[in-house]
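Peer 1: Sharing a structure, written as structure tokens. Questions coming.
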Amino acid sequence: MNKRNFEIDVGTIRAETRTVQASLSSEFPVMRYDGEEVLSHDPGAVDLSRAPLPLLCSHNNTALPVGVVEGLAVEGGKLRGTLRLSANQEGIWKDICDGIIRNLSIGYQIIEKMKTKRGYKATKWMPYEASLVAAPADAT
């Protein structure tokens, strides 16, 4: 399982629907044990067949989701989506609105990759969950 971290765009909060826009991934290189990993955002590279994605806390897949990530789309070299929090997650929602929780990480599977000078590029990959996390590895 691979993970990457990104920030929630707190400027796009819609309190009436408990939704907020977020960037889930980019082509920013992330250091892995076998070199730099880059996720391609070229047309057809991101398999969105598992959308909408469950929204978890800290990749805890033993607990029920706290929400969903809907409206997934690749735009401007990033995978973007709308986080929608469950109505019974008022504390987490308040922490997002207050800027306390502002980071995301995604879990994904690499389907195809090609070697690069510094590591590899995932030319086909599939996200399967997004998580609220404390500290991002990649804040782009």
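Peer 1: So, of the residues in region 1-37 that are open to solvent by 30 Å² or more (accessible area, probe 1.4 Å), at pLDDT 80 or above and part of a strand (DSSP E or B), which turns out to be farthest from Ile106 (Cα to Cα)?
Peer 2: So, considering only residues that are open to solvent by 30 Å² or more (accessible area, probe 1.4 Å), at pLDDT 80 or above and part of a strand (DSSP E or B), the one farthest from Ile106 (Cα to Cα) is Arg14.
Peer 1: Moving on. Taking region 85-123 on its own, how many of its residues are farther than 29 Å from Ser40 by Cβ and assigned to a strand (DSSP E or B)?
Peer 2: 1
Peer 1: Within region 91-140, can you find the residues that are buried (at least 16 other Cβ atoms within 10 Å of the Cβ), among the β-branched types (Val, Ile, Thr) and touching a Lys or Arg at 6+ places or on another chain (Cβ under 8 Å)?
Peer 2: Residues satisfying the conditions are Ile96, Ile106, Thr123.
Peer 1: Output the residues belonging to region 47-84 that are open to solvent by 80 Å² or more (accessible area, probe 1.4 Å) and part of a strand (DSSP E or B).
Peer 2: Within region 47-84, Glu75, Arg80, Arg84 qualify.
Peer 1: Now for a separate question. Name the pairs whose Cβ atoms lie under 9 Å apart, with the first residue in region 74-98 and on the phi > 0 side of the Ramachandran plot, the second open to solvent by 60 Å² or more (accessible area, probe 1.4 Å) and of a type in the set (Phe, Trp, Tyr), and 6 or more positions between them or separate chains?
Peer 2: none
Peer 1: Sticking with this one: Suppose the filter is small (Gly, Ala, Ser), surrounded by fewer than 16 Cβ atoms within 10 Å (Cβ to Cβ) and more than 30 Å from Arg118 (Cα to Cα); does Gly44 pass it? Let's see the steps before the verdict.
Peer 2: Working: small (Gly, Ala, Ser): yes; surrounded by fewer than 16 Cβ atoms within 10 Å (Cβ to Cβ): yes; more than 30 Å from Arg118 (Cα to Cα): no.
Spelling it out, it is not the case that Gly44 is small (Gly, Ala, Ser), surrounded by fewer than 16 Cβ atoms within 10 Å (Cβ to Cβ) and more than 30 Å from Arg118 (Cα to Cα).
The values are calculated or read from the model by the stated rules, or taken from the named source; none is laboratory data. Remember, predicted model here, so these are calculated numbers, not experimental data. Note that each Cβ is placed from the backbone with ideal geometry, even for glycine, and that neighbours are counted across all protein chains shown. Note: areas computed on protein heavy atoms with side chains; ligands, DNA, RNA excluded. Shrake-Rupley method; radii C 1.70, N 1.55, O 1.52, S 1.80 Å.
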